[in-house]
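Notes follow once the structure below has been shown.
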Amino acid sequence: MTDTLVLETEHLTKRYGPHLVAVADLGLRVRRGEVYGFLGPNGAGKTTTLRMLLGLIAPTSGQARILGAAPGSPEGLANIGALVEGFGFYPYLSGRRNLQVVARYAGVPAARVEAVLDQVGLAARGGDAYKGYSLGMKQRLGVAAALLKDPALLILDEPTNGLDPEGMAHMRALVRQLGQGERSVLLSSHLLGEVEQICDRVGVIQKGRLVVEGTVAELRGQAGLFVRAHPVARAREILAAVDGVGAIDEVAGVLRLTADPGLAPEVNRRLVEAGVAVSELRPAERSLEEVFLQLTHDGTGV
């Protein structure tokens with residue numbers, strides 16, 4: 001991954017009438033070669049943002065640049081693949097034939113059809129009628145269509161929506177695979193597990209506003225250790241002298257240390273040697289779910 005930006009927005013805003021603000025003053029930065037998770041609850045403005053980025057709707061104010069071009073311009077769209085709000089295929093045509101139709105309209109060589117069918121794991125089912133596909137297969141065919149141009153930027157809107165656990169796992173693995181190398185993936189989702197497992201960086205949107213952006217680790221905050229030991233006062237005294245241990249907080253008799261979790265063996269050794277009984281010692285970090293709920297509850301940040 002490099003610091004080269006493939007997508008950048010400044011003050012991007014979409015209003016519907018005088019009272020409804022769908023997206024407000026949005027600033028996104030997606031780098032080349034990363035999977036960027038665009039995370040937010042339903043109705044937060046994710047799909048509206050993606051539609052503006054693709055030139056499907058015009059912003060009220062602000063601007064965006066995608067691969068150095070304006071949203072919706074031929075130059076930009078030539079290197080973008082997208083799956084937003086589903087994909088309209090002909091039900092009685094095969095998956096392969098549907099992709100051939102899309103390829104012809106996109107000016108893509110027919111040889112790309114077989115390549116993308118194989119890429120999404122549908123090579124063996126390419127001759128089957130689309131109407132007989134499972135929901136997971138339909139989603140994968142939509143991703144295949146988005147890949148026909150071998151795009152530098154792939155935009156996916158809730159690609160696991162409605163899938164069963166197995167289908168979700170397959171789609172996550174596919175997205176992670178597609179986000180390798182020079183290609184960037186902008187993944188819109190409200191599913192925390194999905195974002196946590198496959199994204200390099202995350203932007204959280206709430207009520208149309210970007211409330212925080214960073215890696216999953218940055219969003220969770222500083223790493224640490226939970227220590228339950230007795231006597232707790234003696235444990236605190238011992239741990240305060242251990243190199244690498246920062247702040248020590250106590251809640252209901254449990255100590256939370258600001259420290260690298262890799263320091264756990266040393267922490268345990270010091271306490272045991274000092275005659276302190278250790279009943280619990282584990283890494284302490286906020287879950288992405290905890291961070292997300294805090295951010296989207298009041299939109300104030302971490």
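The values are calculated or read from the model by the stated rules, or taken from the named source; none is laboratory data. Keep in mind the model is a prediction, meaning the values are calculated, not measured. Because the Cβ atoms are built from the backbone with ideal geometry, glycine has one as well, and the counts that use them run over all protein chains shown. Quick note on the areas: whole protein, heavy atoms, side chains included, nothing else; ligands and nucleic acids left out. Shrake-Rupley method; radii C 1.70, N 1.55, O 1.52, S 1.80 Å.
Can you pull a Stokes-Einstein diffusion coefficient for the stretch 132-182 at 4 °C (1.567 mPa s), Rh from Kirkwood over Cα pairs, as a whole number of µm²/s?
113 µm²/s
Based on the alpha carbons, how large is the Rg to Rh ratio for the stretch 8-105 when Rh follows Kirkwood?
Taking Rh as the inverse mean 1/r over Cα pairs, Rg/Rh reads 1.02.
Could you tell me the convex hull volume per residue, in Å³, taken over the Cα atoms of the stretch 63-171?
Numbers: hull volume 11.4 nm³, N = 109.
Enclosed volume per residue, from the Cα hull, is 105 Å³.
Between the stretch 177-210 and the stretch 65-121, what is the separation of their alpha carbon centroids in Å?
With the stretch 177-210 and the stretch 65-121 each reduced to a Cα centre, they are spaced 21 Å.
Kirkwood hydrodynamic radius, computed over distinct alpha-carbon pairs, for the stretch 174-278: how many Å, to one decimal? Don't skip to the answer; put the middle values down first.
On the way: mean 1/r = 0.0600 Å⁻¹.
For the stretch 174-278, inverting the mean 1/r across all distinct Cα pairs yields 16.7 Å.
Run the reach check for K149 against aspartates and glutamates, Cα to Cα strictly under 19 Å, same-chain hits fewer than 8 apart removed. What comes back?
Cross-link targets: E34, E75, E114, D118, D157, E182.
Hey, rough spin-label estimate for A217 and A115, points 7 angstrom out along Cα→Cβ, what's it come to in nanometres?
In this crude label model, A217 to A115 measures out at 3.5 nm.
What share of the DSSP beta bridges in the chain is antiparallel, in percent to the nearest 5?
65 percent
For the peptides 247-259, 72-84, what is the packing order when you average, over each peptide's residues, the other Cβ atoms within 10 Å and list the highest mean first?
Values: 247-259: 15.2, 72-84: 17.8.
Most protected by this proxy first, the peptides run 72-84, 247-259.
Once you compute Rg and the Kirkwood Rh from C-alpha atoms, what is the Rg to Rh ratio for the chain?
Working: Rg = 23.7 Å, Rh = 21.6 Å.
With Rh from the inverse mean 1/r over Cα pairs, Rg/Rh is 1.10.
Cα atoms only: what Rg and Dmax, in Å, come out for the stretch 232-283?
9.8, 25
Quick check: residue separation of R29 and E85 times 0.36 nm, minus the Cα distance between them. What number comes out in nm? Write down the numbers at each step before the final one.
Numbers: separation 56, 0.36 × 56 = 20.16 nm, distance 2.24 nm.
17.9 nm is the gain from fully extending R29 to E85.
Could I get the Rg over Rh figure for the stretch 104-227? Both from C-alpha atoms, Rh via Kirkwood, rounded to two places.
Working: Rg = 16.9 Å, Rh = 16.3 Å.
Taking Rg over the Kirkwood Rh, I get 1.04.
Hey, what did the chain get for relative contact order, percent, Cα under 8 Å, at least 6 apart?
19 percent
In nm, to one decimal, how far is the modelled label at S73 from the one at Q100, with both set 7 Å along Cα→Cβ?
Here the answer is 3.6 nm between the modelled labels.
Taking the alpha-carbon distance from K207 and a cut-off under 30 Å, which lysines remain once sequence neighbours fewer than 8 residues away in the same chain are dropped?
Straight-distance partners of K207: K14, K46.
Which angle between 0 and 90 degrees, to the nearest 10, do you get for helix 288-298 versus the longest principal axis of the chain when only C-alpha atoms count?
Long axis of 288-298 versus the principal axis of the chain: about 80 degrees.
Mind telling me which of V242, V35, V108 comes out most flexible in a GNM of the chain, alpha-carbon contacts under 10 Å?
In this elastic network of the chain, the residue with the biggest mean-square fluctuation among V242, V35, V108 is V242.
Once you put a point 7 Å from the Cα of R15 and another 7 Å from the Cα of R228, both along the Cβ direction, what distance in nm separates them?
The two pseudo-label positions are separated by 5.4 nm.
Give the residues of the stretch 121-142 whose amide nitrogen is closer than 12 Å to a point set 7 Å from the Cα of D164 in the direction of its Cβ.
134-137
So, for the stretch 1-44, what is the accessible surface per residue at a probe of 1.4 Å, expressed in square angstrom? Walk me through the intermediate numbers first.
Working: 2060 Å² over 44 residues.
On a per-residue basis, 47 Å².
What does the charge add up to near G95, with Lys and Arg as +1, Asp and Glu as -1, over the other residues with Cβ less than 10 Å from its Cβ? Show your work: numbers first, answer last.
Working: positive: R96, R97, R125, K138, R140; negative: D128.
Net local charge, G95 excluded: +4.
Could you sort the peptides 228-235, 114-121 by per-residue average Cβ neighbour count (10 Å cutoff), highest mean leading? Present the calculation step by step, with values, prior to reporting the outcome.
Values: 228-235: 16.0, 114-121: 18.0.
Order by mean packing, descending: 114-121, 228-235.
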